[in-house]
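Visitor: The structure under discussion is supplied below as structure tokens; questions concerning it will follow.
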Amino acid sequence: MMTNLFSVFDPSSSMGLSMNWVSLILGMFLIPFSKWVINSRWVVMMELLVMKLYSEMKVLFSSSSKMVAVIFSALFLFIMFNNIMGLTPYVYTATSHLAITLSLAFPLWLGYFSFGWMMNCKWMLAHLMPQGTPGLLMPFMVIIESVSSLIRPGTLAVRLMANMIAGHLLLVLVSSSVSGLSALMFWGIILTQILLVVLEVAVAIIQSYVLVILSVLYSSEV
């Protein structure tokens, strides 16, 4: 019986006792313990990556918010590892599920959104009314800005999920056309798949960066 194309994104479609969610922490176990030693190449590379992210975040954060930058850097590494692990055969892509992406975006949004309204209510109210708005459009701008603020976690979650699903569907569609082809066409599709995998690795890193940077921008408003 032909399976649904989207069944590859169902966490319970392949096993009765689903272990697909283990992929959330699988990347940590696949890294040898020797790589976590201080001054190892792996640790140095992670430090350079985190410092690069911090150099971009500190423009928005004050010098007293280093811990916030560390939290966002850890979120970037977590999402990046899960996106890349999803490209491994027989490993479920957890970030292609809305429950995971929304659980990453919603608590962050709820935290700094609530903090802004409790600690800086006047600024949050002023943010609903862009400077220079005509008086006739003020009620509509308040509604638009309010809706824009409320849907932010949803847009972050759907953006990450949709990009992960789109890339995997493209790989599935290309691989399904391999059977019954000549040798030349076969190797052509194999080369295409290799290029698509490289592209998907880039997309996995970029989407992690986009979600974190947008979260930083949203939190800097409060």
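Visitor: Across the range 161-173, in residue order, what do the Karplus-derived ³J(HN,Hα) couplings come to in whole Hz, using 6.51 cos²θ - 1.76 cosθ + 1.60 with θ = phi - 60° and x for Gly and Pro?
Guide: Result, ordered by residue: 4, 5, 5, 5, 5, 4, x, 5, 5, 5, 5, 5, 5 Hz.
Visitor: Estimate the FRET efficiency between LEU184 and ILE205 by the formula 1/(1 + (r/R0)^6), using the beta-carbon distance for r and 41 Å for R0, to the nearest 0.05. Spell out each step's value before the answer.
Guide: Numbers: r = 33 Å, r/R0 = 0.80.
The pair LEU184/ILE205 has a calculated efficiency of 0.80.
Visitor: Could you tell me, in Å, what Rg and Dmax come out for the Cα atoms of the range 130-222?
Guide: 21.2, 69
Visitor: Average the reciprocal distances over every distinct pair of alpha-carbons in the range 68-160, invert the result, and give the Kirkwood radius in Å.
Guide: Computed over Cα pairs of the range 68-160, the Kirkwood hydrodynamic radius comes out at 15.6 Å.
Visitor: In whole Hz, what ³J(HN,Hα) sequence does the range 113-120 give by Karplus (6.51, -1.76, 1.60; θ = phi - 60°), x for Gly and Pro?
Guide: Each residue's phi maps through the Karplus curve to give 5, 5, 4, x, 6, 7, 9, 9 Hz.
Visitor: Here is a follow-up. May I ask you to give the percent of accessible area on the range 89-134 that is carbon plus sulfur, with a probe radius of 1.4 Å?
Guide: 75 percent
Visitor: Let me ask something else. Once each part is reduced to its C-alpha centroid, what is the distance from the range 140-169 to the range 75-111 in angstrom?
Guide: Using only Cα atoms, the two centres lie 15 Å from each other.
Visitor: What distance in nm lies between label points placed 7 Å from Cα along the C-beta direction at ILE143 and VAL158?
Guide: Result: 1.9 nm between the two label points.
Visitor: What distance in nm lies between label points placed 7 Å from Cα along the C-beta direction at LEU98 and VAL70?
Guide: Going from the LEU98 label point to the VAL70 one covers 3.6 nm.
Visitor: Expressed as a rounded percentage, what relative contact order does the range 121-222 have, with Cα pairs under 8 Å and six or more residues apart?
Guide: Once divided by the residue count of the range 121-222, the mean separation gives 29 percent.
Visitor: Turning to a different aspect of this structure: Just order 140-151, 83-94 by mean Cβ neighbour count inside 10 Å, highest at the front, would you?
Guide: On the way: 140-151: 12.2, 83-94: 18.0.
Ranked by mean Cβ neighbours within 10 Å, highest first: 83-94, 140-151.
The values are calculated or read from the model by the stated rules, or taken from the named source; none is laboratory data. As the structure is a computational prediction, the values presented were derived from the model and not from experiment. All Cβ positions, even for glycine, are placed from backbone atoms using ideal geometry, and neighbour counts span all protein chains on display. Please note that ligands, DNA and RNA were not included when accessible areas were found on the heavy atoms of the full protein model with its side chains. Shrake-Rupley method; radii C 1.70, N 1.55, O 1.52, S 1.80 Å.
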